[in-house]
Amino acid sequence: MSADNQLDNKSQAWSALFSEPMSELVKRYTASVFFDQRLWKADIQGSLAHAEMLAAQGILNAEDHAAIQRGMAQITSEIEAGQFEWKLDLEDVHLNIEARLTTLIGIAGKRLHTGRSRNDQVATDVRLWLRDEIDAIGALLQALQLAMVEVTEQNAEVILPGFTHLQVAQPVAFGHHLLAYVEMFARDAERLADARRRVNRLPLGAAALAGTSYPLDRERVARTLGMEGVCQNSLDAVSDRDFAIEFSSAAALVMVHISRLSEELILWMSQSFGFIDLADRFCTGSSIMPQKKNPDVPELARGKTGRVVGHLMGLITLMKGQPLAYNKDNQEDKEPLFDTVDTLKDTLRIFAEMMGGLTVKPEAMERAALKGYATATDLADYLVKKGLAFRDAHEIVAHAVKTAIATGLDLSQLPLAELQKFDGRIEADVFEVLSLRGSLNARNILGGTAPAQVRAQVARHRARLAAAAAH
Ligand code: ARG
């Protein structure tokens, strides 16, 4: 059998040990090439680093090394031009590329796999690929944060009813509300950056499971690939996918934050709230109800959160029953991981754009804030400053609110004489306290909603995001 058609027929790709060919169904069931081909760049990058090290160690001669470089360059242009023929018979991305290399350069192509197994190869590929995707996701998270900081700045004076239990609680600055999400996304970015450190370690050199008898220089390969170190145990290196699980968990949290934001955008855009409008390009109409404009993008993002959380469950379940070391189960890590990355990137991109096209309706927000006795706590605090114990003040204000509800007025609309019936210490200065703006200004504490605090937070976020971008 010729050198290159040995890999062309999968039933004979391994050895002469196999006496019958695989059925078409089993081939299709076991193959991964139709989804793992997206790892091709990482696969070639890893192979080139491996070959360079083999040459430096005198395991591969200079001529073979040059042939491998030449062949890989050709394969790269074939794939980029869409001319590479991916073959199901060759099972996965690794065997497809290696077989093509051998077709192109002959026996040197077969020498590439010295001291290597597909087990450490695939683990390396996934890590290289994921590392770059984490960087792309990090940049998208930054862009979304910046977009939200900008909306905050443009709406510095806007007041929103703050809710607990979805009941009007206390007024908050609209920007303060948005910056809560910026905090979440900032922590998400930190989590991803932290996970990246553990993703960015080198399995190559672990070979199938036990290491290899060739004098490989693993540290050199790690340096070439820009990795932060080598995996220190060969069995662990080829078998654990905790780095992918950790990433998926961080990704699921990003989506959970996006989903909470989506839920608010959907509520805020409903007729009952009327706080915001989303640009038409993020919405769709109804085929039957001509008046409808639906917030499809946030709804889909909320839905896709289930999908990403599902992938996390899939990956973590995939791992739980596996004995050391590599098992074919691990081939199932790819589709959930790929889909998580795709979904997350699209969602972040679309949300950053959508924030830029947000219409804020300050009057509606303020009207809603005035409806639910949002400054009742402020009246209680006022009485405490006049010497009452907070519990007593709370009780007095409850009576005042009851009266106000009965008359259909806000606390600030009750005449002073009426208010003074609840406590004689109430004076004309109470009306400043009962105003929405007075309530906001009073919460001038680090992390609080006073406009001065929100402005300081905007400045802090801007500086932080600029520093991260420059990094
Ligand atoms: N396609 C395989 C995967 O994704 C590559 C490793 C196969 N190794 C093996 N011993 N069959 O995990």
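Read the figures in this text as sums done on the coordinates, not as results from a lab. Since the model is a prediction, treat every value here as computed from it, not as a measurement. Glycine gets a Cβ as well: all are built from the backbone with ideal geometry, and neighbour counts include every protein chain shown.
Residue-wise test of (1) surrounded by fewer than 18 Cβ atoms within 10 Å (Cβ to Cβ); (2) within 16 Å of the ligand (Cβ to nearest atom); (3) under 35 Å from the mean Cα position of the chain (by Cα); (4) without any contact (Cβ under 8 Å) to a residue 40 or more places away in the chain.
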{"residue": "17", "(1), (2), (3), (4)": "yes, yes, no, yes"}
{"residue": "40", "(1), (2), (3), (4)": "no, yes, yes, no"}
{"residue": "44", "(1), (2), (3), (4)": "no, yes, yes, no"}
{"residue": "57", "(1), (2), (3), (4)": "yes, no, no, no"}
{"residue": "68", "(1), (2), (3), (4)": "no, no, no, no"}
Quick check: anything in region 363-385 under 21 Å from the mean Cα position of the chain (by Cα) and either more than 16 Å from the ligand (Cβ to nearest atom) or not basic (Lys, Arg) (or both)?
-> no
So residue 252, is it within 18 Å of residue 351 (Cα to Cα), surrounded by fewer than 18 Cβ atoms within 10 Å (Cβ to Cβ) and of a type in the set (Gly, Ala, Ser) | no
Only residues that are within 11 Å of the ligand (Cβ to nearest atom) and in a loop (DSSP other than H, G, I, E, B): list them for region 88-125, please.
-> 91, 92, 117
If you take the residues in region 135-159 that are assigned to a helix (DSSP H, G or I) and touching a Phe, Trp or Tyr at 6+ places or on another chain (Cβ under 7 Å), which one is nearest to residue 353 (Cα to Cα)?
-> 144
Tally the residues that are hydroxyl-bearing (Ser, Thr, Tyr), over 22 Å from residue 188 (Cα atoms) and assigned to a helix (DSSP H, G or I), restricting the search to region 305-351.
-> 1
Quickly run through region 362-421 and pick out the residues that are in a loop (DSSP other than H, G, I, E, B) and among the hydrophobic types (A, V, I, L, M, F, W, C).
-> 374, 388, 389, 409, 414
Candidates 418, 427, 432 - the one that is touching a residue at least 12 places away in the same chain (Cβ under 8 Å) and over 36 Å from the mean Cα position of the chain (by Cα) = 418
Within region 312-327, identify whether any single residue is aliphatic (A, V, I, L, M), more than 16 Å from the ligand (Cβ to nearest atom) and closer than 30 Å to residue 269 by Cα, and answer yes or no.
-> no
For region 76-84, indicate whether the set of residues that are within 16 Å of the ligand (Cβ to nearest atom) and part of a helix (DSSP H, G or I) is non-empty.
-> no
How many residues does region 201-260 contain that are in a loop (DSSP other than H, G, I, E, B) and closer than 18 Å to residue 313 by Cα?
-> 2
Kindly indicate the residue of region 316-355 that is without any contact (Cβ under 8 Å) to a residue 60 or more places away in the chain and over 21 Å from the mean Cα position of the chain (by Cα) and also surrounded by the most Cβ atoms within 10 Å (Cβ to Cβ) among those meeting that condition.
-> 329
